[in-house]
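A quick write-up on the structure given underneath.
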Amino acid sequence: MGTAVMSCLEKFLIFGGRATRAEFWWFYLFTVIAGVLAVPLEIFLETKMITTGVGVAFLLPTLAAGSRRLHDTGRPGWLLAIPFLALPLYAVGPAAFGTGLLFGIAVLVLLLCMPGQRGANRYGPDPKLAPDLDAF
């Protein structure tokens, strides 16, 4: 887990390249744990800024890791925007928007869980086979 977290934090602005499933999901678990641990601290300090700060701090690294994860499956990183396709459904009603949003999130999670392509693809070498030389 530590290696994945450090890798994603070091590459927080690198949207190119590839990331393994383990790297992405360990980092995502770390961000969820950080958010959960921020809640009691927020209650103790009687503020609402800690969870917001944690969310903002991990936004770019999570988007970059997600983009690299999609690249590993041979898909473009802009597919991270799939849940936003539900926004026009809000004109129909909140229920339609919620259903569309949940469907978009489910599709995105499915794509992020798919195995990476073996060997090099147009986004770079296989991260399982190549040493990590592009960190910085």
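The values are calculated or read from the model by the stated rules, or taken from the named source; none is laboratory data. The structure displayed is predicted, hence computed values, not measured ones. Cβ atoms come from the backbone with ideal geometry, glycine included; neighbour counts cover every protein chain shown. For the accessible areas, the whole protein counts, side chains as well, though only heavy atoms, and no ligand, DNA or RNA atoms are used. Shrake-Rupley method; radii C 1.70, N 1.55, O 1.52, S 1.80 Å.
The Cα center of the range 104-119 and the Cα center of the range 73-103 differ in position by 16 Å.
For the chain, the share of alpha carbon pairs falling in successive 10 Å distance bins from zero is 12, 34, 32, 18, 4, 0 percent.
GNM remark for the chain: springs join alpha carbons under 10 Å apart, and the peak mean-square fluctuation among V32, V107, V92 falls on V92.
Would you please put 17-24, 80-87 in order of how densely packed they are, using the mean number of other Cβ atoms within 10 angstrom per residue and starting with the highest? Write down the numbers at each step before the final one.
On the way: 17-24: 20.8, 80-87: 14.6.
Most protected by this proxy first, the peptides run 17-24, 80-87.
The Cα trace of the range 49-96 gives Rg and Dmax of 14.4, 37 Å, the first to one decimal, the second as a whole number. By accessible area, using a 1.4 Å probe on protein heavy atoms only, the chain has 75% of its surface on carbon and sulfur.
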